[in-house]
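Here is the structure we will look at, set down as structure tokens.
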Amino acid sequence: MRSAMPAVRAERLCPKAIFVAPDFTRYRAVSRSVREIFKHHTDLIEPLSLDEAYLDVTENKTGLSTATLVARTIREQIRQELNLTASAGVAPNKFLAKLASDWRKPDGLFVIQPGDVDAFLLPLPVGRLPGVGKVTGEKLAKLGIQTVRDLRGVDLPALERHFGGYGRRLHELACGIDDSEVVPDRPTQSISVEDTFEQDVLLVETEPMIRRLAEKLWSASRKESRTARTVVLKMKTSEFKILTRSHTPGSPPSSCDGLTDIALRLRERVPLGPLQRYRLVGVGLSNFREPEQDAAQATLFE
């Protein structure tokens, strides 16, 4: 199971489709209810989004003997209390747990026991590893690497020669290694959305894409209690060169139109010529602050 298709691509493929506006107020309320269920079992909760989180249940509050029992109990509580389904993955680390959680969606539970890591991991296509997108996948394929088993057969120095610092991460993932801890309530550093075009386009042709991405980003930003002050535009050329431009206005964008205007103005700062073609555009928000920080900053100028 892979991530859902971006709405902007779905709209392009099916222009007559009907898109239902998201109800983020309702989503946030339900997300808080699910979080309360999590808190009955552990305080080590790292949210990824409104509907996804990592939980460390090495020591759980309810005294259940295994992580699998905790996952089953949580799924049943969500079903009974909220009338919702939930999928869960249980594994020795975050990387494997994420893979496991996708394995039997929707409404499934999949467990990777420590002794079964290789049996599960090695047959997988390398595209299932985090960070292996189309470009990296093609580069791996040229090296004859199609599966995680193939990747594990390549030594670390060779991977670092071909992929730089990410080579070490590839090596660790191929071995099922992920030492990252579950970090409760990690503050958002940035959020972004991007779209890779089916055909490379000129800069002047990117306005409709930027507008769609800005709208999608604005909807996503409504999930955050904090305010983003900086708008970022990302462009990738047909030669895979990445350009970014950013702007921090005097006051944060207060509407989708305001965000879109800034993103389009940033496009005017892209320095390459009019004949340069681009394969990807992205719009992001960063420099998040708590509301009270903005209020305190404002009082300095009263």
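Inside the range 263-278, residues that are touching a residue at least 40 places away in the same chain (Cβ under 8 Å), among the basic types (K, R) and exposed (fewer than 13 other Cβ atoms within 10 Å of the Cβ) make up a count of 0.
Hey, any hits in the range 132-147 for a residue that's in contact (Cβ under 8 Å) with a residue 60 or more places away in the chain, under 22 Å from F95 (Cα atoms), part of a helix (DSSP H, G or I) and out of contact with any Gly (no Cβ under 8 Å at 6 or more places or on another chain)?
Taking the range 132-147 and keeping what is in contact (Cβ under 8 Å) with a residue 60 or more places away in the chain, we get 134-135.
Pick out the ones that are also under 22 Å from F95 (Cα atoms) and you get 134-135.
Imposing the further condition that a residue be part of a helix (DSSP H, G or I) reduces the set to 134-135.
Among the residues that remain, those that are also out of contact with any Gly (no Cβ under 8 Å at 6 or more places or on another chain) are: 134-135.
Yes, the range 132-147 has at least one match.
Might you let me know whether the range 25-32 holds any residue that is surrounded by 15 or more Cβ atoms within 10 Å (Cβ to Cβ) and under 23 Å from A100 (Cα atoms)? Yes, the range 25-32 has at least one match.
Taking T227 as the residue in question, decide whether it is touching a strand residue (DSSP E or B) at 6+ places or on another chain (Cβ under 9 Å), surrounded by fewer than 17 Cβ atoms within 10 Å (Cβ to Cβ) and assigned by TED's automatic domain parsing to the domain that holds F288. When the stated conditions are applied, T227 does not pass them. Checked against (1) in contact (Cβ under 8 Å) with a residue 12 or more places away in the chain; (2) part of a loop (DSSP other than H, G, I, E, B), S251 passes all but a single condition, namely (1). Only residues that are hydrophobic (A, V, I, L, M, F, W, C) and under 25 Å from P15 (Cα atoms) were counted in the range 206-234, giving 7. Scanning the range 230-262 for residues that are crowded, with 17+ Cβ neighbours inside 10 Å, under 25 Å from R28 (Cβ atoms) and either of a type outside the set (V, I, T) or touching a Gly at 6+ places or on another chain (Cβ under 6 Å) (or both) yields V232, P252, P253, C256, L259. For G127, the conditions (1) touching a residue at least 12 places away in the same chain (Cβ under 8 Å); (2) more than 27 Å from K223 (Cβ to Cβ); (3) not acidic (D, E) all hold with the exception of (1).
The values are calculated or read from the model by the stated rules, or taken from the named source; none is laboratory data. Being a predicted model, the structure only gives us computed values, none of them experimental. So basically every Cβ, Gly included, is an ideal-geometry build from the backbone, and we count neighbours across all protein chains shown.
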